[in-house]
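Accompanying notes for the structure given below.
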Amino acid sequence: MTEKPTAGTGADTKGRDGAGPDTTGPDTAGLDTAGLDAVPVLELDPLIDDLGTRIIVCCGAGGVGKTTTAAALGVRAAERGRRVVVLTIDPARRLAQSMGIDSLDNTPRKVDGIKGSDGGELHAMMLDMKRTFDEIVEAHAEPERARAILENPFYQSLSAGFAGTQEYMAMEKLGQLRARDEWDLIVVDTPPSRSALDFLDAPKRLGSFLDGKFIKLLMAPAKVGGRAGMKFLNVGMSMMTGTLGKLLGGQFLKDVQTFVAAMDTMFGGFRTRADATYRLLQAPGTAFLVVATPERDALREAAYFVERLAAEEMPLAGLVLNRVHGSGAAGLSAERARAAAENLDEGRMTDRGDGKAGLSGSPATSPELSDLATAAVSSVPEAAPTAEPAAQHPDVDDVDAVTGTDTDTDVRHLTAGLLRLHAERMRVLAREQRTRDRFTALHPEVAVAEVAALPGDVHDLAGLRAIGDRLTAGRMPSA
Amino acid sequence: MSRLQVVSGKGGTGKTTVAAALALALATEGKRTLLVEVEGRQGIAQLFETEALPYEERKIAVAPGGGEVYALAIDAERALLDYLQMFYKLGGAGRALKKLGAIDFATTIAPGVRDVLLTGKACEAVKRREKHGGHTYDHVVMDAPPTGRITRFLNVNDEVAGLARIGPIHNQAQAVMRVLKSPETAVHLVTLLEEMPVQETADGIAELRAAELPVGRVVVNMVRPHVLDEAAVRAASGDHRDAIARSLASVGVTGGTRLVEPLLDQAAEHARRVELEREQRAVLDGIGVPAYELPFLGDGGDIAGLYRLAKELRKQGVGA
């Protein structure tokens, strides 16, 4: 894959069939990174250092590390001098604890332990959607009406988080934080939506709902009752409420109507704010980061996001690719490593004759294999670490000296294990490469920041800092 | 085995794949299973490499041994119109309601109605019978919302039955709840041997139990083999670099200690992961829910991989 894929969606088949290192032989598996080199690198430090960047939105499929990415960027930006607030939606407990926000009180709290000399600060909060909804009601309705709304059973269910509420409230909170103007950078995590589109659809859906005839009909008794010209509407309404009443039960419908009537005066405000937040997301100070892992489903979701953001004219900064595997020994292919491991096992079997060769889990190797392996060495490109002339290193002649004792057998066993592990790693690399090639073929213009996989989870600020370093390290050395 | 098998799991753990494999595994000879999805993601179609599923039950696979797997992507709006038609012969009124935005309201904004419809449709499939009296489907497998929302999703009927205190929605909600809380149902949680998914699984099981929903199995997915044990890695980090380099050279892999270093780094990472997995296994053991274990499929969830997982599940007792 030496040529840059052509832009546009038509490049799909090309990326799958013509490009990747997947279908080629053992010589290139996992080594060919030419396709990736064509992908622009997403530089995150300039993005968070730019005072013009006011909002960063992290979106993507569930389980790809959105929240961790948001938190790590927040820490890094604060330590580089920004006044940052991170809005997390549903963080894993220990991640929240790593920022000291294990209480869910819907207010940004200052995070202690931020090391910055330039007056940078980090605040973090968890979204409490019910609290956010309640606050809106309290702020925009007189006390008596507010109480009526808050006590309404329909409202209580709606605000406690049925489909969609979380998205509305995340948008609402973002608008609030921006309006407070206490921070010069807001980093937002997005809700784990049913689909990639919910978050973006929330403001519009709310708007269309509030503008809808249905709401007007529900409110009709209060508004149009008695006006002669609206009589037909009333007929329509009673027919409809009759149907709905049958379906939902009269009391429920009454609750809904009471709720809608009570909320009436607030709807205008909802709509205005939803529209404002939507425009805010399109503004130049906003940067969307699509977060993914090099897995098929996550990258497919990422592709949807990229397309959707473009359609909505929302500014995409690039793709953060988490949990990317690399290898410091990428010059040694999976096939050679496996063949060498089998040779070692075979040698061991000869040494000990105790039948432990079963460990290799494969049939006896053919005599040519070691020749093949040796031959493969000379064919490796010069840049690869294994391309050194053999004479500079302990060579085959030493073998006799190290065989025959238990320690030597252990070393051979160990070495075979190291080689198998490496073969496995190279297979992972090749697979990740294939899934990425597919994405790149579809969206060659999207800049990518790779984040090397960590063996464990993040528990503290130091862990977030480490992620921040990886986020901004540029291309992985040998991936 | 329970007739309704609900599969949940944290995002990224492969719950759609597990649900599909389970549907295949349950479709033993002469059996028929229905695989339903409720989140409108068309994950099943992508998995089986077919075009997007319509709102219609159609056969998508034949299981090893001859059973059949049907699939259905449940659409809340269509399900609501179905109900209106079924119970009230309201086809026309349904269209009028749709025009007014009432259907939109009911399926996206009105609390819980959407989830009631989705679970309701699945329960209807569980209960449905053929003319000769047998169940249409021996098992219904649901690719359900993720762990963080599963209890609320399944329990929504309780809440709705409380909100709509009378009327068909109330009755419908209660009928669904009777199925969901009975031994007819089992809720499985898919996890990886990683900290966050395991923690979510533990939390999810506690929530399900508190809501008296029947917990089925934990499904530990993507289990990878341990190539090297810890002792070996410790030995490797000792003074054996030269010996390893010689050993490598003996089979034609040159590069000396410069190659040994990254190999040892990888081994150290591997050892850390093995240790973390051991810890997470201990946490899962502490929950006291029996588990299925599925291997990591190197090349993602293609159809062949799906059949492999189904075979694995049968080996572990599914469909027996």
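The values are calculated or read from the model by the stated rules, or taken from the named source; none is laboratory data. Not measured: the values here are computed from a predicted model. We place every Cβ from the backbone using ideal geometry, glycine too, and count neighbours over all the protein chains shown. These area figures cover heavy atoms from the full protein model, side chains too; ligands, DNA and RNA do not enter into them. Shrake-Rupley method; radii C 1.70, N 1.55, O 1.52, S 1.80 Å.
Below, the figures for the structure above:
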read-out: Residues within the range B:34-67 that are open to solvent by 10 Å² or more (accessible area, probe 1.4 Å), among the β-branched types (Val, Ile, Thr) and within 14 Å of chain A (Cβ to nearest Cβ), tallied; value: 0
read-out: Selected residue [within 8 Å of chain A (Cβ to nearest Cβ) and open to solvent by 20 Å² or more (accessible area, probe 1.4 Å)] from B:GLU159, B:GLU207, B:GLU184; value: B:GLU159
read-out: Test result for A:ALA303, open to solvent by 30 Å² or more (accessible area, probe 1.4 Å), under 22 Å from the mean Cα position of the chain (by Cα) and of a type in the set (A, V, I, L, M, F, W, C); value: no
read-out: Identity of the residue in the range B:1-29, farther than 19 Å from B:LEU193 by Cβ and within 14 Å of another protein chain (Cβ to nearest Cβ), that ends up surrounded by the fewest Cβ atoms within 10 Å (Cβ to Cβ); value: B:THR16
read-out: Residues of the range A:432-476 classified as open to solvent by 20 Å² or more (accessible area, probe 1.4 Å) and among the charged types (D, E, K, R), total; value: 9
read-out: Matching residues, the range B:162-178, being in a helix (DSSP H, G or I) and open to solvent by 70 Å² or more (accessible area, probe 1.4 Å); value: B:ASN171, B:GLN174, B:ARG178
read-out: Out of B:GLY300, B:GLY256, B:GLY252, sole residue that is assigned by TED's automatic domain parsing to the domain that holds B:PHE48, at pLDDT below 90 and at positive phi; value: B:GLY300
read-out: Sole exception among (1) at positive phi; (2) in a helix (DSSP H, G or I) for A:ASN106, by number; value: (2)
read-out: Any hit, the range A:357-369, residues being open to solvent by 30 Å² or more (accessible area, probe 1.4 Å), in a helix (DSSP H, G or I) and modelled with pLDDT of 85 or more; value: no
read-out: Matching residues in the range B:250-275 - criterion: being open to solvent by less than 60 Å² (accessible area, probe 1.4 Å) and more than 20 Å from A:SER327 (Cβ to Cβ); value: B:SER250
read-out: Residue satisfying condition, being more than 24 Å from the chain's Cα centre (by Cα) and acidic (Asp, Glu), within set A:GLU172, A:GLU142; value: A:GLU142
read-out: Residues that are open to solvent by 10 Å² or more (accessible area, probe 1.4 Å) and under 13 Å from the mean Cα position of the chain (by Cα), drawn from the range A:307-335; value: A:ASN322, A:ARG323
read-out: Among residues of the range B:1-20, those that are touching an Asp or Glu at 6+ places or on another chain (Cβ under 8 Å) and of a type in the set (A, V, I, L, M, F, W, C), counted; value: 4
read-out: Test: residue in the range A:138-157 that is modelled with pLDDT of 90 or more and surrounded by 19 or more Cβ atoms within 10 Å (Cβ to Cβ); value: no
read-out: Any hit, the range A:276-298, residues being farther than 18 Å from A:GLN433 by Cβ, in the same structural domain as A:ALA179 (by TED's automatic domain parsing), surrounded by fewer than 23 Cβ atoms within 10 Å (Cβ to Cβ) and in contact with an Asp or Glu (Cβ under 6 Å, 6 or more places away or on another chain); value: yes
read-out: Residue match in the range A:70-90 (condition: in contact (Cβ under 8 Å) with a residue 60 or more places away in the chain, within 14 Å of chain B (Cβ to nearest Cβ) and open to solvent by 20 Å² or more (accessible area, probe 1.4 Å)); value: yes
read-out: Count of the range A:109-131 residues which are touching a strand residue (DSSP E or B) at 6+ places or on another chain (Cβ under 8 Å) and either in a strand (DSSP E or B) or closer than 14 Å to A:ARG83 by Cα (or both); value: 12
read-out: Enumeration of residues in the range B:68-79 that are open to solvent by 10 Å² or more (accessible area, probe 1.4 Å) and either part of a helix (DSSP H, G or I) or outside the structural domain of B:GLU49 (by TED's automatic domain parsing) (or both); value: B:GLU77, B:ARG78
read-out: Check on A:ALA77, farther than 20 Å from A:VAL290 by Cα and touching a strand residue (DSSP E or B) at 6+ places or on another chain (Cβ under 7 Å); value: no
read-out: Failed item in (1) within 14 Å of chain A (Cβ to nearest Cβ); (2) open to solvent by 50 Å² or more (accessible area, probe 1.4 Å); (3) among the charged types (D, E, K, R), with B:ARG308 passing the rest; value: (1)
